[in-house]
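The values are calculated or read from the model by the stated rules, or taken from the named source; none is laboratory data. Model, not experiment: these values are computed from the prediction. Neighbour counts are summed over all protein chains in view; Cβ atoms, including those assigned to glycine, are modelled from backbone coordinates with ideal geometry. Areas reflect the complete protein model, heavy atoms only, side chains present, ligands, DNA and RNA absent. Shrake-Rupley method; radii C 1.70, N 1.55, O 1.52, S 1.80 Å.
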Amino acid sequence: MDEHAKVEQLKEQEEVKTALKQTTGTKETVPAPVPEFKDKLWFTTYIIVLLILLAIYYVLGSNLIPTEIQYIPILRNLLLGAVFVVLMGAIAKSIRVYLINQIENKPARYNLTRVLNLLTFLAMVIIALTVVSANWYTALVSLGVLSLILGFALQTPITSLIGWVYLLIRQPYKVGDRIEIGGARGDVIDVSYLDTTLWEFGGPYLSTQHPSGRIIKFPNSLALNETVYNYSWPLFPYVWNEIKFNIAYDSDLEFVARTMKEVVEEELGEQMMGLVGVYRDLLRQTPVDELQIQERPVVHFRPSDNTWLEAIVRYLVHPKESGRVKTHIIKKLLDKMNMEPERVLFPKSNLR
C-alpha cells in the first residue's frame, strides 16, 4: 500500500477526522442529517396532545362545567402538569434531533443523550411534585431555594460534570492518551462523570518516563481552567527526542554524525520512519505543514558551555516508547563510538 492510500485510510478514522476539522477550521462537506419522517410525526403528535390538553383545561375552567364539582381544581392541576410534561418532552426531542444527532462522535452522542434523559426525568419529577402539592407556587419557590442551596454546596461536582460534557465534545484528551495537565503527567485510563484517572509516568521518584506505579485523580473541571498537553495527537502521535554527547573539537565530526544517524535509524526501523512519513503527508492539509518534519534522524553540533562540543541527534519516537528507545540508542552509540577512540574523543578524568 503506497503512502497516499495510507493517508486516505487514516483520514477515515473518526478521531483523525475530528482533529482535521479542529486544526483546519473547516466544516464537513457532507450535509447535516435532516429530521426523519418519524421525528416529524413525533412533533406533530406532541402538538396535537398539547392542544387537546389545553382545550380540556380551558373547558374545565369555563362556565360549561359547574364550579360546584369538587374535583375540578385537582383535574385542572393535573392537566396543567400534563401540559408541562408534554412540553418538556417536545423540548427534549428537539435537542436530541437538532443538536445531539448532529455530533459526529458516536460515544459523545450516546453520553449526551444519557445526560439529556437524566435532565428530562428530573424536570418531570419536579413538575409532578409541583402538581401534587396543594400550593404549587409555594412548592416551586421552595424547590428553587433548595436548588440554589444545593448548587452552592455541589458547585465543584456540577462544574466537573460540565467539564465531562466539554471533554466529550471538544476531546482535548481521551482514554489511552498520554497527557500533562496542572503538573500531573500520565496515561489516561478512565474518564468518568466527575473525574479523570491517570496512570502516572515519571514523577518525583523517577528520572525517566517509566510508569511510577501511582495513579492520579483530578476533577474534570481542571480541564476547563488548565492547559492540557496531549502527547497523542491523532494527526501526529510522535514527539521529538534528543540525545547529546560532549566530544572534543578535533573529533571526526563526519564519522560522529554518520554513526549517530545509522544507529538511530537501525533502532527506529524503516517501518516506523515510513509511518512518520505518512503522518507528515497528512499534516500537509493543516497549518503545521509550514514546519519541516523529517522522518529520519538529524545530527547537530553546537558549542558547549565548557570547552567541549555537543553532538546532538534528534529523532521522532512514539511518546510511550521514548524511554526504552533512548536507552537502547545510548548503549549502541557508546559501543560503536568507543570502538574508534582516535576518531571520537570523549571527555576524560573523573570530573566529567
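Suppose R0 equals 45 Å; then what is the FRET efficiency for residue 249 and residue 215 from their Cβ-Cβ distance, rounded to the nearest 0.05? The computed FRET efficiency comes out at 0.40. The residues of segment 180-288 expose on average 52 square angstrom of accessible surface per residue, using a 1.4 Å probe on protein heavy atoms. Here's how it looks for residue 212: its modeled amide H is under 5 Å from those of 200, 201, 202, which are all 5 or more places away or on a different chain. Here the Karplus relation 6.51 cos²θ - 1.76 cosθ + 1.60, evaluated at θ = phi - 60°, turns the backbone of segment 114-126 into coupling constants of 4, 5, 4, 4, 5, 5, 5, 4, 4, 5, 5, 5, 4 Hz, with x for every Gly and Pro. Rolling a 1.4 angstrom probe over segment 211-352 with all protein chains present gives an accessible area of which 51% lies on carbon and sulfur atoms. Per-residue 3J(HN,Hα) values for segment 222-238, derived from phi via the Karplus relation 6.51 cos²θ - 1.76 cosθ + 1.60 with θ = phi - 60°, read 4, 5, 7, 10, 10, 6, 9, 9, 10, 8, 10, 5, x, 7, 7, x, 9 Hz in sequence order (x marks Gly and Pro).
A crude spin-label estimate for the pair residue 50 and residue 310, with each label 7 Å from Cα along the Cβ direction, gives 6.8 nm.
Among 273-282, 245-254, the peptide with the highest mean count of other Cβ atoms within 10 Å heads the list, and the full ranking is 273-282, 245-254.
Placing a label point 7 Å from the Cα of residue 340 along the Cα-to-Cβ line, the residues of segment 236-255 whose backbone N sits under 12 Å from it are 251-255.
Around the amide H of residue 177, modelled in the peptide plane, lie the amide H atoms of 188, all under 5 Å away and 5 or more residues distant in sequence or on another chain. Normalised radius of gyration (Cα atoms, divided by 2.2 N^0.38 Å) for segment 200-352: 1.25.
Between residue 224 and residue 321, the C-beta separation translates, for a Förster distance of 41 Å, into a calculated FRET efficiency of about 0.85.
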